[in-house]
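Q: Below you will find the structure I want to go over with you.
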Amino acid sequence: MPAIAVPVFALAWWAACYLLGRDPVRRPAARAAAALLAYAAGVAVWTVEPDSLAAQVLFCAPALLWAGTAVAMLPPALPERRQIDLGWMVLSAAFLITVVALPEAGRLVVLAPLAGGVVLLWRFRDQVRPPMLPAAFTVAAALYGVALTALLLPVSLGVPILVVAALGLDLLILGFLVAVNDAMLAGERLRPDLIRSVLGALAGIVLLGGPAALTMIAVDSGAVRILQFALVAVVMTLAGLSGAVQRALNAIAFRGDSRLRAERSGLLMRVEALPRHRPLTEASEEDFRLFTQQALDNFGDLGRLMRSPLTGLPTIDRRLTSDQRALRLRAVLHEGVDRLRPAGEFDTTDAWRVYNALHYCLVLGLNPYARRPNTDGLDRDARRAVDWMRRKVPRRTLRRWQEEGAAVIATRLRADLAGEKPRWSVRTAPTRST
């Protein structure tokens, strides 16, 4: 059993750390990582105590988390998105409590939310990227359901650990789909960065996983097995979260030298950005709009701006380093937002809506919908803008205005790339200010 359990545990733990390392803020990546970590913990418990209640519950938990992953990959502009997400959280908590009380066969009820998530993906398949995501997600989820059924029901499909390994394979496929979705939405390359991380994980499995499995076989002790799994988890964390680990070590080792910490942080961001940077060649108009919207959303995050394909624009000197290009991209975006500002004093009319939505929410990073908006140090216009948005502009309307402004700026950037004369006009149908 350890000869199969250790590599399966290691790959699941590494995949979870890799997804978190790509972008822990994005909900699909965070929920997919949680599903893989729950499965990895289930493998460890199963190896120590097969068929235990804790192991079965841990193997059921990924179904609930993957339902949440499917919900998180729905289009952000979907009006019911927040309600669906809240409903998933409430139902998942209820299902998890129910699973503990149900017998083995009854625990298959966790597949119901996963089926609902698959249905939602198909319902909005025309707005999900990549287009093959719903079909691939459905196949992987179905295989996971079959494996979980074979594990919980009295059905003999061979050695139980092989069924457990099949569960892990399905979850790895689902994790890969989330990574592809994340890379496409962020305008990044996946393959070079993924290959580098996979090679590190394989090296860790060979160098430590083999000795750990042999130790478990030689010493039949639950404490020893848990200790070996913990050591493997540490190595896989280093392989999947190498950048975060290095930043944590820098913060500890150089806590008295802020300049050195800042310089090393910039170098690490540059190293992480290089294999994920996607060239602008053959980028479509829709890609430009998406890249511009992403860059505006990440206006205050220099690390994400370094990975933006827009750092390859002709208006940004290619001789600059990646962090300098990110700063230059921030300046280009700021200039694009400033050009959308109507003449005259600040106002909240239709002519000002796009500029206000971009300048105050994305450039300045203000959140008018926070429970207690921080207005300290803001000028009078900024305070008026925050108060106006908070009282009269719904979230969906504000997001729509931001997308309209991003489309205009994207048109200008694409025109610069093609050597055309850019147009600076927000062409939208007349609507009310809210």
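The values are calculated or read from the model by the stated rules, or taken from the named source; none is laboratory data. None of the values given here were measured: they were computed from a predicted structure. Cβ atoms come from the backbone with ideal geometry, glycine included; neighbour counts cover every protein chain shown. Keep in mind that these areas ignore ligands, DNA and RNA; they rest on the heavy atoms of the full protein, side chains included. Shrake-Rupley method; radii C 1.70, N 1.55, O 1.52, S 1.80 Å.
Q: Send over the Kirkwood Rh of the stretch 239-301, from the inverse of the averaged 1/r over different Cα pairs, rounded to one decimal Å. If you can, show how the numbers build up before the last one.
A: Values: mean 1/r = 0.0710 Å⁻¹.
In the stretch 239-301 this quantity evaluates to 14.1 Å.
Q: Normalised by the number of residues in the stretch 1-45, what is the relative contact order in percent for Cα pairs under 8 Å and 6+ residues apart?
A: Details: 34 pairs, mean separation 21.8, N = 45.
Rounded, it is 48 percent for the stretch 1-45.
Q: Over the Cα atoms of the stretch 145-203, what Rg and Dmax result, in angstrom?
A: 15.7, 46
Q: Same structure, new question: Please tell me the relative contact order of the chain in percent, rounded to the nearest whole number, where contacts are Cα pairs under 8 Å and at least six residues apart.
A: Details: 536 pairs, mean separation 63.5, N = 434.
It comes to 15 percent, rounded to a whole number.
Q: What Rg and what Dmax come out for the stretch 351-396 when only alpha-carbon atoms are used, in angstroms?
A: When restricted to the Cα atoms of the stretch 351-396, Rg and Dmax are 9.7, 28 Å.
Q: What longest range of the chain stays clear of loop-exposed GluC sites (Glu not before Pro) (DSSP non-H/G/I/E/B, at most 12 other C-beta within 10 angstrom)?
A: It runs 81-281.
Q: Okay, next question. Which of the peptides 199-207, 60-68, 133-141 is most tightly packed, and how do the rest follow, going by the mean number of other Cβ atoms within 10 Å of each residue? Numbers along the way, then the final one.
A: Working: 199-207: 16.1, 60-68: 26.4, 133-141: 18.4.
Result, highest mean first: 60-68, 133-141, 199-207.
Q: State the percent of C-alpha pairs, over all pairs in the chain, separated by a distance greater than 26 angstrom. Show your work: numbers first, answer last.
A: Details: 58833 of 93961 pairs.
The share of Cα pairs beyond 26 Å in the chain comes to 63 percent.
Q: Right, another one. For the stretch 91-146, would you read off the P(r) tail past 16 Å as a percentage of all alpha carbon pairs?
A: Values: 770 of 1540 pairs.
The share of Cα pairs beyond 16 Å in the stretch 91-146 comes to 50 percent.
Q: Here's a follow-up. Over every pair of different alpha-carbon atoms in the stretch 104-239, take the mean of 1/r and invert it; report that Kirkwood radius in Å. Please list the in-between numbers first.
A: Working: mean 1/r = 0.0567 Å⁻¹.
This gives a value of 17.6 Å.
Q: Short version: what are the Cα gyration tensor semi-axes of the stretch 210-327, square root of 5 times each eigenvalue, largest first, in whole Å? Can you show the working numbers first?
A: Numbers: eigenvalues 324, 82, 24 Å².
So the equivalent ellipsoid measures 40, 20, 11 Å along its semi-axes.
Q: Under the rule that an exposed site lies in a DSSP loop and has at most 13 other Cβ atoms within 10 Å, name the longest stretch of the chain with no trypsin sites (Lys or Arg not before Pro) of that kind, not counting the sites themselves.
A: Values: sites that count: R255, R318, R319, R371, R423, R427, R432.
Longest gap between qualifying sites, sites excluded: 1-254.
Q: Still on this structure, please answer the following. Kindly state, to the nearest 0.05, the FRET efficiency for T149 paired with V198, given R0 = 30 Å and r defined as their beta-carbon distance.
A: Working: r = 30 Å, r/R0 = 1.00.
For T149 and V198, the calculated efficiency is 0.50.
Q: As I understand it, the value is the acute angle between the Cα axis of helix 380-392 and the longest principal axis of the Cα atoms of the chain; what does it come to in degrees, rounded to 10?
A: Once rounded, one gets 60 degrees.
Q: Measure nothing fancy, just the Cα-based angle from helix 242-253's long axis to the longest principal axis of the chain, in degrees from 0 to 90, nearest 10.
A: Helix 242-253 sits at roughly 80 degrees to that axis.
Q: Let me ask something else about it. Mind checking the angle between helix 322-339 and the chain's longest principal axis? C-alpha axes, 0 to 90 degrees, to the nearest 10.
A: That helix lies at roughly 50 degrees to the long axis.
Q: Also: Taking N as the number of residues in the stretch 178-224, what is its alpha-carbon radius of gyration divided by 2.2 N^0.38 Å? Can you show the working numbers first?
A: Working: Rg = 17.0 Å, N = 47, 2.2 N^0.38 = 9.5 Å.
Against the compact-globule rule of thumb, the ratio is 1.79.
Q: Using the alpha-carbon centroid of each, what span in Å lies between the stretch 345-376 and the stretch 206-258?
A: Result: 45 Å between the Cα centres.
Q: Can you give the accessible area of Y144 in Å² (nearest 10), computed on protein heavy atoms with a 1.4 Å probe?
A: Using a 1.4 Å probe on the heavy atoms, I get roughly 10 Å².
Q: Out of P309, P79, P279, any idea which swings most in a Gaussian network model of the chain, alpha carbons joined below 10 Å?
A: P79
Q: Give me the dipole magnitude in Debye, nearest 20, for the chain about the Cα centre, with unit charges on the beta carbon: positive for Lys and Arg, negative for Asp and Glu.
A: Working: 51 positive and 36 negative charges, 264 e Å.
Dipole of the chain, to the nearest 20 debye: 1260 debye.
Q: Hey, any idea what Rg/Rh is for the stretch 26-105, computing Rh the Kirkwood way over Cα pairs?
A: Taking Rh as the inverse mean 1/r over Cα pairs, Rg/Rh reads 1.05.
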